[in-house]
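Every read-out reported here was derived from the displayed coordinates using simple, explicitly stated rules and does not represent laboratory data. Note that the structure is predicted; figures quoted are calculated from it, not measured. Glycine also receives a Cβ, built like all others from the backbone with ideal geometry; neighbour counts cover every protein chain displayed.
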Amino acid sequence: MRLVALLAVVLAWPAVSTAQVKVIISGGFSAAYQEVLPEFERTAGITVTTTRGQSLGDSPNSIGAQLRRGVAADVVILSREGLDEIIAEGRVLSGSDTDLARTPLGMAVRRGAPQPDISTVDAFRQTLLRARSVTFTSSTSGVYLMTVLFPRLGIADEMSKKSTTTGVAAVAKGDAEIAIQPVSELLPVTGIDVAGILPAEAQKINTYAAAVVRGSMEVDASRRLIAFLASGAASAAVRRYGMEPSRP
């Protein structure tokens, strides 16, 4: 019933619009978003411009940092942790936040490299200790690895000496041995093999969410885009990139 209601909302807006929506999006939901966006623009008559930013972290390119320095945006799409941070700062329209999809953390190696054993927490820990280099991003998953998981496994010191935040592209180039990132960030990358998802005891499920930025002049069009991304119209692409829609 909720899906039917969402689709009804999408169809309720006029088919022709002159709205132009500015979106800032982080990496995890990007592949599915880029796949379905042309259909939204075609059917809605709404032009969408998209820029990138990290969900969390100290980078000046983080979505929160961009909003704080006045970068114009109508919609943000990022991890739930990052969104909750900017909600607390009063930077999004109250009640406009919507969960879109969930994805687990996975491990990747260069295409054709031996598959590491990550079937149990101990096997995963040993794989990390044996690896020459490990990479991830400095955003939500990287914060979790460095501040929660590695200390919990008792390997924080060892990992700090061989970890980088260049991300999975470094594995594809041969500059790092393994990458740990949300599966939705791994699957679109060529030149790697996904070795599997982290064991449950080490796992972090990432939720991606969207919201309308406070002060947007395109609130109706922004809500329409978010409703589309949360609807069945986007669910096939969401699943194709290793995520589960937040709404069935």
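Distance between the modelled labels on ARG130 and ARG52, one decimal in nanometres: 3.2 nm (7 Å Cα→Cβ projection). Electrostatic tally near VAL76: other residues with Cβ closer than 14 Å to its Cβ, Lys and Arg +1, Asp and Glu -1, net -1.
Entry note: the chain has Rg to Rh equal to 1.00, where both radii use alpha-carbon atoms and Rh is the Kirkwood radius.
Note: relative contact order over region 105-202, using C-alpha pairs below 8 Å and six or more positions apart, is 50 percent.
Candidates SER184, THR164, SER141 compared by Cα position along the dipole of region 105-202: farthest toward the positive end lies THR164, with charges placed on Cβ. Lys and Arg at +1, Asp and Glu at -1: add these up for the other residues within a Cβ distance under 9 Å of ALA31 and post the number. The answer is -1.
With respect to the chain, whose longest principal axis is taken over its alpha-carbon atoms, helix 219-229 is tilted by about 50°. Label-to-label distance, ILE155 versus ARG111, with points set 7 angstrom from Cα along the beta-carbon direction: 2.7 nm. The Kirkwood hydrodynamic radius of region 105-202, based on inverse pair distances between different Cα atoms, is 13.0 Å. Neighbours of GLN203, meaning other residues whose beta-carbon lies under 13 angstrom from its beta-carbon, give a summed charge of +2 when Lys and Arg score +1 and Asp and Glu score -1.
Would region 116-172 count as rounded, prolate or oblate if I go by the C-alpha gyration tensor, calling it rounded below 1.5 in a/c and otherwise prolate when a/b exceeds b/c, oblate otherwise? Oblate, because a/c is 1.5 or more while a/b does not exceed b/c.
Considering only GLU39, GLU218, GLU201, the Gaussian network model of the chain with Cα springs below 10 Å gives its largest mean-square fluctuation to GLU201. Please find the FRET efficiency linking LYS204 to GLU39, where r is the Cβ-Cβ separation and R0 is fixed at 41 Å, and quote it to the nearest 0.05. It comes to 0.85.
What is region 14-55 by shape, rounded, prolate or oblate, if you read a ≥ b ≥ c off the alpha carbon gyration tensor as root eigenvalues and call it rounded for a/c under 1.5, prolate for a/b larger than b/c, and oblate otherwise? Because a/c hits 1.5 or more and a/b fails to exceed b/c, region 14-55 counts as oblate.
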